[in-house]
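Inspection log for the structure reproduced underneath, given as structure tokens.
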Amino acid sequence: MGSLIINGDNKLEGVVKVSGSKNSALPILASTILTGREYIIKNVPDIDDVRRMLEILTLLGCKANYDNGICYINTKGLDTYDITDELSKKLRSSIIFLGPMLCRNNIAKITYPGGCDIGSRPIDLHLSGLRQLGVDVKEEGDFVLCKANNPHSGDVKLNYPSVGATENLMLFAVGLCGKTRILNAAKEPEIIDLQNYLNSCGYNLIGAGTEIITIYGNDNEVPDNVEEYSIMSDRIEAGTYLAIAAATKSKICLKSIEKEHMKCIINLYKKVGCLIDDVGDYIYIINNGRINAIDKVVTSPYPGFPTDLQAQVMSSLCIAKGISIIDETVFENRFKHVKELNKMGANIKVDGTLAIIKGVNKLHGANVNIRDLRGGAALIIAALSAEGISTLTNIHHVFRGYEHLIDKLTEIGADVKISE
Ligand code: UD1
């Protein structure tokens, strides 16, 4: 897939239906290998990361089909414990297979997830957590071999509330006898969705959304019925459309949102001058003029400001009145969009984890290169607000995580098209 061409500076107006959450869908799809059963998972976003997850499941011997937002999965045929280099390269989140694979087979081998464009993404917290539950971990060259030789429940302490490590530990601990507690667990809403999903499958977990998650193992006794579950809506996609409205001085209504997960981003845009109202599962945002700068936005684990919205918010602050500062404390290399935003007339300086954004009156169109998913969303926002035409190369990064992006933008009046 080639480039995205955006003719910017249009006022946008209309309703956007928010899709199912990517970061909920991926661990839930991985967790289907826990036991060889049939699953029906609904509200799954039609995005490249989901397609890759289904490809991996198929290559592991499972049946996985997608039709109109619904995944039909049967994991009875799982015939390997090896997440090979080929599979782990397909998706950085493939590490999430480690916990459920160990739970199902007592053994799992995984090639280190490849280097990442937003940071090194180590897996030490995943491995140390599994060790605390009696898993022998051998790191050999570029792969890790894990054997659950002495699996036992108990307390597992994470030194940092890693989302992926929390999920992996939940997905291993459901198969243990007795009570496991994950201390300093990640509190993200997607963790709650995973807990709800697992409980709907017959497991017994409580505490997701707080810093202690308790998992009552049920000795591998799991029911064999067909499970149906609907994924929660994507707070990051919703936040991205709020940033679009703020940057393009537009009026957008978001449908199917879970607003209690979006307090940080809603408060931020209220603070800088947007009108935001919510009714039921709708949010309305209206922005009529230049937004104000904001003293400091610090990304941190939930309920802090999400790192996954840092780039999009930065993009909208490029044309704010005054100077804003963003402190990225979660990933060490998440400012790759800055150089490209500056090509469009933004005035951003990076100093370690800080980005200092001096608001300018207007951005202008430019040829820019997308380096990662959320940075790509930021460049789209900038191009939508800019005067003139922008060409964004490597648009495939964005299709990893935004469902029907071109259609959704076109429906609210944006002038966007793909060029091969
Ligand atoms: C998940 C999300 C991602 C989001 C991130 C933080 C999915 C599929 N992805 O990623 O979109 O940006 O949470 O909200 O849900 N770390 C370690 N050692 C580890 C694990 C993590 O040092 O073993 C570090 C990472 O390098 C990073 C920080 O912890 O600096 C946060 O990572 P983590 O919460 O694990 O993020 P992911 O689960 O990879």
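The values are calculated or read from the model by the stated rules, or taken from the named source; none is laboratory data. Bear in mind that the values here come from a model prediction, so they are computed numbers and not experimental data. Heads up, the Cβs are rebuilt from the backbone with ideal geometry, glycines too, and the neighbour counts pull from every protein chain shown. Surface accessibility is based on the protein's heavy atoms, side chains included, excluding ligands, DNA and RNA. Shrake-Rupley method; radii C 1.70, N 1.55, O 1.52, S 1.80 Å.
Please enumerate the residues belonging to region 389-404 that are open to solvent by 10 Å² or more (accessible area, probe 1.4 Å) and assigned to a helix (DSSP H, G or I). Scanning region 389-404 gives 396, 397, 399.
Look at residue 96 and say whether it is near the ligand (Cβ under 8 Å from one of its atoms), within 30 Å of residue 46 (Cα to Cα) and either touching a residue at least 12 places away in the same chain (Cβ under 8 Å) or not in a loop (DSSP other than H, G, I, E, B) (or both).
So residue 96 passes the test.
Here residue 257 passes the criteria (1) within 17 Å of the chain's Cα centre (by Cα); (2) at pLDDT 95 or above except the one numbered (2). Residues that are in contact (Cβ under 8 Å) with a residue 12 or more places away in the chain, part of a loop (DSSP other than H, G, I, E, B) and closer than 20 Å to residue 218 by Cα do occur in region 134-141. The condition of being surrounded by 15 or more Cβ atoms within 10 Å (Cβ to Cβ), away from the ligand (no atom under 16 Å from the Cβ) and over 19 Å from residue 378 (Cβ atoms) holds for only one of 357, 276, that being 276. Just one of the listed residues (182, 212) is away from the ligand (no atom under 15 Å from the Cβ), among the aliphatic types (A, V, I, L, M) and at pLDDT 95 or above, and it is 212. From the list 59, 29, the one residue that fits, being in the same structural domain as residue 84 (by TED's automatic domain parsing), open to solvent by less than 20 Å² (accessible area, probe 1.4 Å) and not aromatic (Phe, Trp, Tyr), is 29. Taking the numbered list (1) near the ligand (Cβ under 10 Å from one of its atoms); (2) of a type in the set (D, E, K, R); (3) in contact with a Lys or Arg (Cβ under 7 Å, 6 or more places away or on another chain) in turn, residue 327 passes all entries but (1). One residue alone among 41, 83 is crowded, with 21+ Cβ neighbours inside 10 Å, touching a Phe, Trp or Tyr at 6+ places or on another chain (Cβ under 8 Å), outside the structural domain of residue 387 (by TED's automatic domain parsing) and touching a residue at least 60 places away in the same chain (Cβ under 8 Å), and that residue is 41.
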